[in-house]
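Just below is one structure, and these are the notes that go with it.
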Amino acid sequence: MNYWLFKSEPDAFSIDDLKAMKGKKDHWDGIRNYQARNLMRDDMKKGDLGFFYHSSCKVPGIVGIVEVVREAYPDFTALDPESKYYDPKASEENPRWVMVDVKFKKKLKKVLSLEYLRTVDELSEMLLLRKGSRLSIQPVMESQWLTILELSAE
DNA sequence: GCCAACGTTGGC
DNA sequence: GCCAACGTTGGC
């Protein structure tokens, strides 16, 4: 069982958009970074849980929890010339990019903002909080996961 | 909108 | 395989 953090720009896709799908699975497409791809392809398992993080917005932070319901498979948006995620180097034989399916688990009662998370001692090692950290799929340590769950319950 | 920090591309 | 140039991310 692994824990993750999924970044999304709420203007493009927010926790409310996922919630509105009422538990229906959604594919997490558009990941175009090798490190993030490899994490999804190699380490992300069905049943894993992840934080839903809002980036590039007024109050960046953790806003909810999702569950991985399908392991990595080819990201078909890479093959679609109409898609903004189209990659001419991807093909049926060599899809290059993968995606997973997730479903909505819960929305936190309050946003755990990036600003706030930075003040929590137990999270000082968290990848998200490192300078220059841009990875859109991040592994989260179990201790960090539990700490954040506790903070979200307060 | 700025810009630091990364990641990727492509010429050599 | 190096590295300059370019593109992107994402906080502020």
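Here is the list for region A:38-134: trypsin sites (Lys or Arg not before Pro) lying in DSSP coil, each with at most 12 other C-beta atoms within 10 angstrom of its C-beta, are A:LYS45, A:LYS46, A:LYS58, A:LYS84, A:LYS89, A:ARG118, A:ARG130, A:LYS131, A:ARG134.
Pairs with C-alpha atoms separated by more than 19 Å, drawn from the list A:LYS19/A:LYS84; A:LYS25/A:LYS89; A:LYS103/A:LYS131; A:LYS19/A:LYS110; A:LYS25/A:LYS110; A:LYS7/A:LYS58, are A:LYS19/A:LYS84; A:LYS25/A:LYS89; A:LYS103/A:LYS131; A:LYS25/A:LYS110.
At 1.4 Å probe size, put A:HIS27, A:HIS54 in order of accessible surface, largest to smallest. Can you show the working numbers first?
Numbers: A:HIS27 65, A:HIS54 25 Å².
Largest accessible area first, the residues go A:HIS27, A:HIS54.
Within the shell defined by Cβ-Cβ distances under 10 Å, the residues around A:ALA78 carry a net charge of -1, with Lys and Arg each +1 and Asp and Glu each -1. In chain A, the longest principal axis of the Cα atoms and the axis of helix A:142-153 are about 60 degrees apart.
Please quote Rg/Rh for region A:70-154 to two decimal places, taking the Kirkwood radius as Rh and restricting both calculations to Cα atoms.
Numbers: Rg = 17.4 Å, Rh = 15.8 Å.
The Rg/Rh ratio comes out at 1.10.
Computed over protein heavy atoms with a 1.4 Å probe, the accessible surface of region A:3-153 works out to 56 Å² per residue.
Would you kindly calculate the translational diffusion coefficient of chain A, applying Stokes-Einstein with the Kirkwood radius from alpha carbon pairs, for 25 °C and a viscosity of 0.890 mPa s, and quote it in µm² s⁻¹ without decimals? Don't jump to the answer; show the numbers that get you there.
Numbers: Rh = 16.0 Å.
Roughly 154 µm²/s, to the nearest whole number.
The residues packed around A:ILE15, meaning those with a beta-carbon under 11 Å from its beta-carbon, carry a net charge of +2 if Lys and Arg are +1 and Asp and Glu are -1. Quarter the surface of the alpha carbon convex hull of region A:1-85 and you get the mean projected area, 5.9 square nanometres. Taking amide hydrogens as placed 1.01 Å from N in the peptide plane, the amide H of A:VAL140 sits under 5 Å from those of A:TYR3, A:TRP4, A:LEU5, each at least 5 positions away in sequence or on another chain. Averaging the sequence gap over all C-alpha pairs within less than 8 Å and six or more residues apart, then dividing by the number of residues, gives chain A a relative contact order of 31 percent. Where only DSSP H runs of four or more residues are counted, chain A gives -4000 deg cm²/dmol as its mean residue ellipticity at 222 nm, each run worth -39500 (n - 2.57). Taking chain A as a Gaussian network of alpha-carbon nodes connected by springs under 10 Å, the highest mean-square fluctuation of the residues A:LEU18, A:LEU39, A:LEU49 belongs to A:LEU39.
The values are calculated or read from the model by the stated rules, or taken from the named source; none is laboratory data. The structure presented is a predicted model; accordingly, all values stated were derived computationally and were not measured. Don't worry about glycine lacking a Cβ; one is built from the backbone with ideal geometry, like all the others, and counts go over all protein chains shown. Surface areas here come from the heavy atoms of the whole protein model, side chains and all, with no ligands, DNA or RNA. Shrake-Rupley method; radii C 1.70, N 1.55, O 1.52, S 1.80 Å.
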